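For reference, the structure discussed in these notes is given below.
The values are calculated or read from the model by the stated rules, or taken from the named source; none is laboratory data. Every value quoted in this text rests on a predicted model; they were computed, and no experiment measured them. Cβ coordinates were reconstructed from backbone atoms using ideal geometry, including for glycine residues, and neighbour counts include every protein chain displayed.
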Amino acid sequence: MHGKVMALKRELHEFDFCVVGGGMAGLLAAVAAARHGTRVALIQDRPVLGGNASSEIRMHICGAHGKNTRETGILEELLLENHYRNRQANYSIWDSVTYGAGRYQDGLSLFLNCTINACNVEDGRIESVTGWQLTTETWHTIRAGLFADCSGDGILAPLAGAEFRIGREARAEYNECIAPEKADRKTMGMSCLFQAREYDTPQPFIPPHWAYRFTRQEDLPARDIDVRTTNYWWMEIGGEQDSIHDTETLRDELLKIAFGVWDYVKNYSPRRGEMANWALDWQGFLPGKRESRRYLGDHVLSQNDVEAEGRFDDLVAYGGWTMDDHFPAGFYRQPAGTIFHPAPSPYGIPLGSLYSRNIKNLFCAGRCHSATHAAMSSTRVMATTSLMGQAVGTAAAIAVREGMTPRAVREHRIHALQQKLMDDDCWLPRHIRAVPELSRRAQLSCTAGDAEPLRSGTDRPVGDAANSWCGPIGSAITYAFPAETTVRAVRLIFDSDLNRNFKNMPHGYPANADPLAVPDTVTKRFRIDAQAPDGSWRSVFEESNNYQRLVQVPLALRTRGIRLVPETTWGAEQVRIFAFDVR
């Protein structure tokens, strides 16, 4: 009996904003835009979100170096949820955090397992993209007024005819002293990471017959092979090949290397006795990439921009990782490694490097943004790309609301964009957040300490300025109004310990590992009171299990005063708060 021949299913969708790529940059771009009222499609070619941070690749999220420079905004929100829910640092739980952020965000439609492979462009604008969803055997076409390429490999660039480049610029092109004399197509490579777990008893390892054999220290010169101190990032190749089209071949080679390295750690290393109780717990089969296509935007971020602290008028994000320039030969260079060229922390990243210069409605964020190879060696890390994503999503919401292109937002609405980002707890170096007029004009007092920093417009320590109120648990902070006033919301920034030294996820699992936990400094229980015309107070909001840094409380009431009372923390003896706004 012959089956009936049927056409494959096709669906057409209409959105305001379409984000291609569901890594950290794309996820945050989509969530930010949706939260600001935009109808968003997020298209990801994998079954999970998070890209290099997901369970499929397992790179921990890195960002700016230095004191009080930790990236906040939506990224901090997700990391704090992970610390709250995921005590054992299980990657399935972390995947559920990122999945939940995308799948259950109002205004956001998620297309997983969907690979974009076609693009319709008219008059220099993308009209639609089309992708194949493997799991449903469906072609999805998404029409939108704005698009963002956060795919890492920059797939929309060749499909849409956007200008891009691959490889290293010549030293003279941007006057970059760390660039090579001549331009080439060499990139940083890719890695298939693995993770190990420690047990109470010895754990033997038998490698597959096809793995490489490394039996002498000379086979892995100058490599850190201690599972307690490295995530084996140096198992890296592909920088001298095509970092896109050779990926399958490179993956095969990386697996031979990875299983061979673990064989050496367990069976041949002089330190194998220390590793006796460690077992291979997980091996990645999807390479984590560092570099491929990079868009050309109105501004191409360069080494000199980074070193000059990125003092742009259109600054919308920041970096602070060193210019971590991996050798193209990677594992096959003797010795393998990278050069950590110094970079200031923080340095600014402009909106002009986050959209295409020749496709009118195309944003870009992540490692494919507009930067030279030298600058991208710093901006590629995921906490930095997350800030880019939130900036792009917020800019897209403004563009949709006002009928603008990305370039027009930069030219006409950059101040509004910067203020909205800071209000959403994305710190911008050398910028001050506008404090609501109601907060500025009210009388502010407290039962202990100095409350004035709560309306400074800077929501973290900067330099020697603490920019916070600090006092005993149970203290009261009060805004008093000269007359009965309508209060629609309260905005709070609690202390999530921006200098905490634990990552979002580990690279190995020692037997005595401390569980993930909410930082001790976060305020756990608090209440908000309102004052009646007769001077009496009543509680109008109570929270008993807060674990977030940014908390926004809708109120919609008339009152003579608003009082905040922090009642417990997650362990700290003192309470620290960076912002308390009434609006």
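If you filter the stretch 176-228 down to residues that are without any contact (Cβ under 8 Å) to a residue 40 or more places away in the chain, among the acidic types (Asp, Glu) and closer than 24 Å to HIS373 by Cβ, you find that the one that is surrounded by the most Cβ atoms within 10 Å (Cβ to Cβ) is ASP184. Among residues of the stretch 53-73 that are closer than 13 Å to TYR91 by Cβ, those with a beta-carbon under 8 Å from a residue that is crowded, with 18+ Cβ neighbours inside 10 Å and basic (Lys, Arg) at least six positions away or on a different chain give the pairs SER54/ARG46; GLU56/ARG46.
Rundown of residues vs (1) over 25 Å from the mean Cα position of the chain (by Cα); (2) modelled with pLDDT of 95 or more; (3) farther than 16 Å from TYR264 by Cα, yes/no style:
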| position | (1), (2), (3) |
| --- | --- |
| ARG185 | yes, yes, yes |
| PHE194 | no, yes, no |
| GLU198 | yes, yes, yes |
| PRO207 | yes, yes, no |
| ARG216 | yes, yes, no |
| ASN231 | no, no, no |
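On the stretch given as the stretch 82-139, residues that are of a type outside the set (A, V, I, L, M) and within 30 Å of TYR547 (Cα to Cα) total 24. If you filter the stretch 232-284 down to residues that are in contact with a Leu (Cβ under 7 Å, 6 or more places away or on another chain) and either of a type in the set (Gly, Ala, Ser) or not in a helix (DSSP H, G or I) (or both), you find that the one that is farthest from PRO204 (Cα to Cα) is GLN241.
Applying the set (1) part of a loop (DSSP other than H, G, I, E, B); (2) out of contact with any helix residue (DSSP H, G or I) (no Cβ under 9 Å at 6 or more places or on another chain) to GLN548 leaves exactly one unmet item: (2). Pairing each residue of the stretch 234-262 that is at positive phi with any residue that is surrounded by fewer than 19 Cβ atoms within 10 Å (Cβ to Cβ), provided the two are 6+ apart or on different chains, yields C-beta distances under 7 Å for GLY238/ASP246. Look at (1) under 30 Å from ARG407 (Cβ atoms); (2) loosely packed, with under 15 Cβ neighbours inside 10 Å and you find that THR249 fails only one, number (1). There is at least one residue in the stretch 403-417 that is in contact with a His (Cβ under 9 Å, 6 or more places away or on another chain), part of a loop (DSSP other than H, G, I, E, B), modelled with pLDDT of 95 or more and under 25 Å from TYR295 (Cβ atoms). Exactly one of these conditions fails for ALA397: (1) surrounded by fewer than 20 Cβ atoms within 10 Å (Cβ to Cβ); (2) touching a residue at least 60 places away in the same chain (Cβ under 8 Å). Give me its number. Every listed condition holds for ALA397 apart from (1).
With respect to the conditions (1) more than 22 Å from GLY154 (Cβ to Cβ); (2) crowded, with 20+ Cβ neighbours inside 10 Å, GLN44 falls short on a single one, namely (1).
In the stretch 233-246, the residue that is nearest to the chain's Cα centre (by Cα) out of those that are of a type in the set (A, V, I, L, M, F, W, C) and surrounded by fewer than 21 Cβ atoms within 10 Å (Cβ to Cβ) is TRP233. Here the stretch 289-309 is the region considered, the condition is being small (Gly, Ala, Ser) and crowded, with 24+ Cβ neighbours inside 10 Å, and the residue that is nearest to VAL392 (Cα to Cα) is GLY297.
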